[in-house]
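Visitor: Have a look at this one before I ask anything.
The values are calculated or read from the model by the stated rules, or taken from the named source; none is laboratory data. Not measured: the values here are computed from a predicted model. Reconstructed Cβ throughout: ideal geometry from the backbone, glycine too, with neighbour counts over all protein chains shown. All accessible areas refer to the heavy atoms of the entire protein, side chains included, with ligands and DNA or RNA removed. Shrake-Rupley method; radii C 1.70, N 1.55, O 1.52, S 1.80 Å.
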Amino acid sequence: HAFGLFCRVAFVASGVTITGSVMADARIEELKVLLPQCLLPDWVRLGSRLIRLLRDQHHPDKHNALLDRLLEQVRASVALREQRRLHVPQVSYPPDLPITARKDDIVAAIRQNQVVIIAGETGSGKTTQIPKMCLEAGLGIEAKIGCTQPRRVAALSISRRIAEELNVAWGREVGCKIRFDDRSSAQTYIKLMTDGILLAETQGDPTLAEYNALILDEAHERSLNIDFLLGYLKGLLARRQDLKLIVTSATIDTQMFSRHFNNAPI
């Protein structure tokens with residue numbers, strides 16, 4: 001796991017400069033064990049904070065309080081991840097949608113490949129059903145399933161529709177984020193947003209650790225935002241082997257998308 005490797009290397013590197021008394025602290029060992037069991041964004045955020053603490057030689061009087069606070073936050077994150085695992089929404093699919101007939105193939109492709117390109121006619125059910133298929137594939141537990149839409153109205157209406165089909169609360173298990181309005185939470189499994197929102201999130205979180213799956217819906221529209229995301233994600237996927245990407249299109253542009261992502265399956 002890319003983040004696991006990062007943490008292990010950082011711990012080894014930081015061991016050169018920290019004092020033996022801090023390194024021998026049992027809380028450090030517990031943190032190193034618990035961090036990989038956290039929610040993914042917490043693993044990255046709190047792991048980085050721990051590394052900075054281990055390297056700090058200028059404020060030893062603050063180490064005890066900081067370690068206690070870190071351990072409390074890590075334990076809370078581990079508990080929340082377990083709660084999310086136990087309360088994954090039950091998934092079902094409308095039998096009349098064309099995409100339902102290919103559900104098993106799509107779920108298997110998502111499990112077996114880092115990038116999948118999905119083509120289907122408008123109205124086939126791609127937008128509402130693929131996020132649920134990601135859930136069935138085991139994604140959305142340690143991090144969210146993110147799904148982009150070109151327009152705010154679509155992001156809002158589709159998120160409400162998915163919440164209704166999963167029989168969960170909108171703004172909780174299924175959320176939506178548009179400009180000036182974020183209706184997602186720590187309990188959110190599926191998060192709809194505009195492609196502009198996801199692009200903006202790369203500035204504050206370059207690794208997009210909030211997500212372990214991203215769905216670029218309506219990619220054939222080829223807005224500037226989508227083109228920037230396609231370029232950015234190609235580089236990010238090489239660094240984050242755990243991140244899944246699903247690109248959907250209603251046109252024959254699928255071959256171009258596949259070539260861009262190293263001949264990803266269609």
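Visitor: Report, ordered by the first and then the second residue, all pairs with beta carbons closer than 7 Å, sequence separation of six or more or different chains, a first member in the range 237-266 that is over 23 Å from LEU139 (Cα atoms), and a second member that is open to solvent by less than 40 Å² (accessible area, probe 1.4 Å) and of a type outside the set (S, T, N, Q).
Guide: If the second residue must be open to solvent by less than 40 Å² (accessible area, probe 1.4 Å) and of a type outside the set (S, T, N, Q), the pairs left are ALA250/GLY120; THR254/ILE117; HIS260/LEU230.
Visitor: While we're on this one: Quick check on the range 123-135. Is at least one of its residues open to solvent by 20 Å² or more (accessible area, probe 1.4 Å) and more than 26 Å from LYS234 (Cα to Cα)?
Guide: Yes, the range 123-135 contains at least one residue that is open to solvent by 20 Å² or more (accessible area, probe 1.4 Å) and more than 26 Å from LYS234 (Cα to Cα).
Visitor: Starting from the range 89-110, keep only residues that are β-branched (Val, Ile, Thr), then list their pairs with residues that are modelled with pLDDT of 95 or more and not in a loop (DSSP other than H, G, I, E, B) whose Cβ atoms are within a distance under 6 Å, requiring at least 6 positions of separation or different chains.
Guide: Every condition considered, the pairs that remain are VAL91/LYS132; VAL91/LEU135; VAL91/GLU136; ILE99/GLN129; ILE106/MET133; VAL107/MET133; VAL107/GLU136; ILE110/VAL116.
Visitor: Would you mind finding the one in ARG49, ARG55 that is closer than 24 Å to GLU210 by Cβ and open to solvent by 60 Å² or more (accessible area, probe 1.4 Å)?
Guide: Going through ARG49, ARG55 in turn, just one is closer than 24 Å to GLU210 by Cβ and open to solvent by 60 Å² or more (accessible area, probe 1.4 Å): ARG49.
Visitor: Among the numbered criteria (1) in a helix (DSSP H, G or I); (2) open to solvent by 30 Å² or more (accessible area, probe 1.4 Å); (3) in contact with a Ser or Thr (Cβ under 9 Å, 6 or more places away or on another chain), which single criterion is violated by ILE162?
Guide: Going through (1) in a helix (DSSP H, G or I); (2) open to solvent by 30 Å² or more (accessible area, probe 1.4 Å); (3) in contact with a Ser or Thr (Cβ under 9 Å, 6 or more places away or on another chain) one by one, ILE162 breaks only (2).
Visitor: Can you name every residue in the range 61-91 that is small (Gly, Ala, Ser) and either surrounded by 12 or more Cβ atoms within 10 Å (Cβ to Cβ) or at pLDDT 95 or above (or both)?
Guide: Within the range 61-91, ALA76, SER77, ALA79 meet the criteria.
Visitor: Sticking with this structure for a sec: Is there any pair linking a residue in the range 127-140 that is closer than 19 Å to THR194 by Cα and part of a helix (DSSP H, G or I) to one that is among the acidic types (Asp, Glu) and open to solvent by less than 20 Å² (accessible area, probe 1.4 Å), with Cβ under 6 Å and at least six apart or on different chains, and which?
Guide: THR127/ASP217
Visitor: One residue is enough: does the range 188-203 have a residue meeting the conditions free of Cβ contacts under 8 Å to residues at least 12 places away in the same chain and open to solvent by 40 Å² or more (accessible area, probe 1.4 Å)?
Guide: Yes: the range 188-203 contains one or more residues that are free of Cβ contacts under 8 Å to residues at least 12 places away in the same chain and open to solvent by 40 Å² or more (accessible area, probe 1.4 Å).
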